Structures are given as structure tokens and as C-alpha cells.
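The values are calculated or read from the model by the stated rules, or taken from the named source; none is laboratory data. Small disclaimer: the values here were computed from a predicted structure and weren't measured. Here the Cβ is made from the backbone with ideal geometry for all residues, glycine too, and neighbour counts use every protein chain on show. Quick note on the areas: whole protein, heavy atoms, side chains included, nothing else; ligands and nucleic acids left out. Shrake-Rupley method; radii C 1.70, N 1.55, O 1.52, S 1.80 Å.
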Amino acid sequence: MRVLRRIALACALLLPAAARAQEPVRLVAAGSLTASLGEVAQAFAAMPGGAPVVTRFGPSGLMREGIEAGAIPADVFFSASLDHAQRLERDGRTVAPAVIFVRNRLCLITRPGLTVPTGQVLDALLDSAVKLGTSTPRADPSGDYAWALFRRAELLRPGAQAALEAKALQLVGGPNSPTPPAGIGAVAWNFRAGRMDVFLGYCTSGALARAELPGIGVQDLPEALAVGADYGMALLSGRPEAVRLSLFALSPAGQAILARHGFAAVAAE
């Protein structure tokens, strides 16, 4: 697999610049990839054989629905869930099989001043005095991953799933979620507003929130509650520059950029 990928990448990058269309590649991606794929797009545009890229970021489920409806034009779609990329493939909208291009995981993100010992994570989540924030299931994969954690919690403590689903505040990623001011991340903004005490979100999102609001805690979940996130890529256009961009995201150079932003690279798999 790695040999074929390297051969394909080398061939794509050696295509003459004259073969490139002048229109930019349209990259649509999950909001959690804003910084990392923004950097990938810049690096790709600057490299020999590259091309300009226009980007659009948002909750993966909503982005997929927009692509399906024809409201969001896209050449390459990078989703926070492989499922959304595969749904486009099953609908016949892709020119290649959907693939995992990077991995993430769910973390417990806590407001400044709140500490949750690892052995007490489930107790804290179930505590009626603790405001639990999540993303919105179906619209945003981060919410789906939180609901997967709730199912795991049920195996540890009967009744936990229903209790957690009932108390979870779906503050991020939905069509009607409160929108933070431009340039401010939703996690830090919701903490500042006092809407939540803890948030189940991507570890990468926690790191960004902590940079905005010092004192935010980001911790791995105990093994029994841990949930991983396979991010999927769907190539929706056969344009040579779109193919090259998708391959660049899978290349060691592209994967190194994603790794610097806290994602787990898959280039070596």
C-alpha cells in the first residue's frame, strides 16, 4: 500500500504545470481541521505542481449534506468521520474509494479551575452539578463520538447512557448552535460564558482551546471510555490538481503537518 501510494504521488506531482486548470481546488473539511488543513493547503499551493486552494470548514455532517444538495461545491472532502466520506462514495459521488487520512481521539476538556481525577471521570460526567457540553450528533461527528462514549458508560454503569444523553448540552456543531464571534473557538467561548464545566471533544480541539483560554484542562479518557476518531477523505473530482492535493495530504510531508497539529498520522500504515 505504501509503495503504491508513493508511486502515485510521484507521478501526480511530476505532471507538468501546464496541465493544471486555473481554477483553485475546492477543499471542504471538518471544522476541527481548520488550522491543520489550512496549512496543508498553503504548502500544497506553494510546491512545484501545486495549485491554489479555496477552503470551507464546518461540521462534517452539515458539510456532507451541503455537498449532496449541491449547495457546497467541493473537489475534495475531508471529514472527521470516515462514515460521511463513505456515504458520498456509496452515493456514487466519488472518483476513488474513501480512505482514512488521519486519526484523532476524544478527550475530556475541563474549564479552568476544575480538576477531574482519571478514576472519577464517569462520576463527574454523571454529576448533576456538572454541566456537560458536547457537539451535536449526526451534524458533527464529535457529537457522535460522545454518544459512543455514553454507550461505553452503560457497560460500566447501567443507566448511565440515558442519564448522559439527557443531560448533555449540544452546544457545538449543530445548525442552531450558538455561534462564537469570528476568530474565537467555540470550546473556549462556551467555557467563558459559563455554559459548561466539561466538554467531550477532540484532543486537538482541547489544545486549541487551551491556547485561547489558559487553565483549560485536556486529559485522556480512561481506557474503558476511550473513543477514537477515524477521519475520512473523499475525492469528488478527477481534476489533476484535486488528485494531487489528496495525495499530498497522504504524503509524509502532508502527514507531518497534520501531526504537528496533534493528529495521528497514517502515512506509515
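May I ask you to say which residue of LEU9, LEU14, LEU82 is out of contact with any Ser or Thr (no Cβ under 7 Å at 6 or more places or on another chain), modelled with pLDDT under 95 and either open to solvent by 20 Å² or more (accessible area, probe 1.4 Å) or among the hydroxyl-bearing types (Ser, Thr, Tyr) (or both)?
Criteria check complete, one pass: LEU14.
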Under 9 Å between Cβ atoms, at least 6 apart or on separate chains: pull out the pairs that start in segment 31-49 with a residue that is within 13 Å of HIS261 (Cα to Cα) and end on any residue that is part of a helix (DSSP H, G or I) and hydroxyl-bearing (Ser, Thr, Tyr). SER32/SER60; SER32/SER142; SER32/THR204; SER32/SER205; LEU33/THR204; ALA35/THR204; SER36/THR204
Look at PRO137 and say whether it is closer than 24 Å to ALA207 by Cα, in contact (Cβ under 8 Å) with a residue 24 or more places away in the chain and part of a loop (DSSP other than H, G, I, E, B). yes
Return only the number of the condition from (1) open to solvent by 70 Å² or more (accessible area, probe 1.4 Å); (2) more than 20 Å from ALA188 (Cα to Cα) that ARG111 does not satisfy. (2)
Tell me, yes or no, whether segment 163-186 has at least one residue that is touching a residue at least 12 places away in the same chain (Cβ under 8 Å), under 22 Å from GLY262 (Cβ atoms) and of a type in the set (Ser, Thr, Tyr). no
Within segment 137-149, can one find any residue that is open to solvent by less than 40 Å² (accessible area, probe 1.4 Å), among the small types (Gly, Ala, Ser) and within 13 Å of LEU125 (Cβ to Cβ)? yes
Pairs, first on the phi > 0 side of the Ramachandran plot in segment 190-201, second open to solvent by less than 30 Å² (accessible area, probe 1.4 Å), C-beta under 8 Å, six or more apart: none
Considering GLY215, GLY159, which residue is open to solvent by less than 70 Å² (accessible area, probe 1.4 Å), farther than 18 Å from PHE57 by Cα and without any contact (Cβ under 8 Å) to a residue 12 or more places away in the chain? GLY159
Just the residues that are part of a loop (DSSP other than H, G, I, E, B) and over 21 Å from the mean Cα position of the chain (by Cα), please, taken from segment 152-191. ARG157, PRO158, GLY159
Residue count, segment 231-247, condition of a type in the set (Asp, Glu) and either free of Cβ contacts under 8 Å to residues at least 12 places away in the same chain or surrounded by fewer than 20 Cβ atoms within 10 Å (Cβ to Cβ) (or both), comes to 0
Would you please name the residue that is farthest from GLY50 (Cα to Cα), looking only at residues in segment 215-249 that are out of contact with any strand residue (DSSP E or B) (no Cβ under 9 Å at 6 or more places or on another chain) and among the aliphatic types (A, V, I, L, M)? ALA224
Among the residues of segment 192-219, count how many are part of a strand (DSSP E or B) and either farther than 27 Å from ALA265 by Cα or among the basic types (Lys, Arg) (or both). 1
The residue from PRO73, PRO59, PRO52, PRO97 that alone is out of contact with any Phe, Trp or Tyr (no Cβ under 6 Å at 6 or more places or on another chain) and surrounded by 21 or more Cβ atoms within 10 Å (Cβ to Cβ) is PRO59
Taking segment 196-212 and the residues there that are small (Gly, Ala, Ser) and within 13 Å of ARG105 (Cβ to Cβ), the one that is surrounded by the most Cβ atoms within 10 Å (Cβ to Cβ) would be GLY201
